[in-house]
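J.: I am attaching a structure below and will ask some questions about it afterwards.
The values are calculated or read from the model by the stated rules, or taken from the named source; none is laboratory data. What you see is a predicted model, and the numbers here were worked out from it, not measured in a lab. As a convention, Cβ positions derive from the backbone with ideal geometry for all residues, glycine included, and neighbour counts pool all protein chains shown. The area values use the complete protein model at the heavy-atom level, side chains included, leaving out ligands, DNA and RNA. Shrake-Rupley method; radii C 1.70, N 1.55, O 1.52, S 1.80 Å.
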Amino acid sequence: MDWKSEIDAAAARIDGHVVRTPLLQLDAAGLPFSVQLKLEQMQHTGSFKARGAFNTLLGEPVPEAGLVAASGGNHGAAVAHAAHRLGHAAHIFVPEMAGASKIALIRSTGAALTVVPGDYSNALQLAQDYEARTGAKQIHAYDAPATVAGQGTCLREWEAQGLAADTVLIAVGGGGLIAGALAWLAGRRKVVAVEPETSCALHAALTAGEPTDVEVSGIAANALGARRIGSICLDLAQAHLGESVLVDDDAIRTAQRTLWQSSRQLVEPAGATALAALISGAYRPEPGEKVAVLVCGGNIAPDPLQE
């Protein structure tokens, strides 16, 4: 696939529908170097997911039955928001572990919502059943070309803003965001995949040489808790990924606190996971290596300002 052309087309398609998210230079206590951040938690519905959702809805026909999506929370909110903005019906399936704040965010869009026991895989099964029963269009959270191309607009935008880094660290769940980054960069910069130790579908697949099921748990599981990596992501990772590292929950919590204390950025655990690799030493840059971190989500549970 000509990913550059697909991502260029996605960027033109979603222009005016998504936020051009800002950059921030982080000079945090404990880090001996400056880190450029892209604050994608400031995107519509609090994560990068709006990019892929709008690209899919604007680029493909939507049936009368509307849309259906399974999600750990952020993707569902993005699809529901895009559907509302574009005048389509949407039914979102999320697991209970999505948490109250993400569930409330989806409800606020007016989309139909079904909360199911278990994890993302359980929600996906019910969403697929709904698709077969109704004819609704399934918007996959990460393993679809339109989703990946939409997420790739994030790195395209970042380079246009002056990405000043040799290496970009990106948190991984099902792999849509990092797949988009790898597709756009195509080896021009080093990309490091960062996953929680207890939700590491990409790391397991790279070790096994093929997608493999993993157990999912930990504080970032409601955003990064895919049981199996997407096939598009794995193909791109095998071709272009620089390194894959794992971090524990304590490191993620420390990164969350660092983002708040150093720059007053409130992010969810998934949003802090990539930075956790630098703070914990799971990834150690070479002397003079310029690093950047993609902050991917801000939907904290519970909502810190909810009464």
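J.: Quick one: Cα centre-to-centre distance for the range 141-163 and the range 248-284, in angstrom?
T.: 22 Å
J.: Cα convex hull of the range 154-297: mean projected area in nm², to one decimal?
T.: Quarter of the Cα hull surface area: 7.9 nm².
J.: Enter the accessible area of Lys49 (Å², nearest 10), with the probe set to 1.4 Å and all protein chains included.
T.: About 30 Å², rounded to the nearest 10.
J.: Order the following by accessible area, largest value first: Val115, Val68. Probe radius 1.4 Å; ligands, DNA and RNA are ignored.
T.: Largest accessible area first, the list is Val115, Val68.
J.: Still on this structure, please answer the following. Suppose each label sits 7 Å from its Cα in the direction of the beta carbon; what would the Asp129-Asp27 distance come out to in nanometres?
T.: Those two pseudo-labels are separated by 5.6 nm.
J.: Heavy atoms only, 1.4 Å probe, whole protein assembly: order Lys290, Lys102 by accessible area, highest first.
T.: Lys290, Lys102
J.: What is the spin-label model distance, in nm, from Ala112 to Met42 if the labels are put 7 Å beyond Cα along the C-beta direction?
T.: Here the modelled spin labels are 3.7 nm apart.
J.: Points 7 angstrom from Cα along the Cβ direction at Leu86 and Asp303: gap in nanometres?
T.: Here the answer is 2.6 nm between the modelled labels.
J.: Please give the length that would be gained between Met1 and Glu197 if that part of the chain were fully extended, namely 0.36 nm times their separation in residues minus their C-alpha to C-alpha distance (nm, one decimal).
T.: Details: separation 196, 0.36 × 196 = 70.56 nm, distance 3.18 nm.
In short, 67.4 nm is gained.
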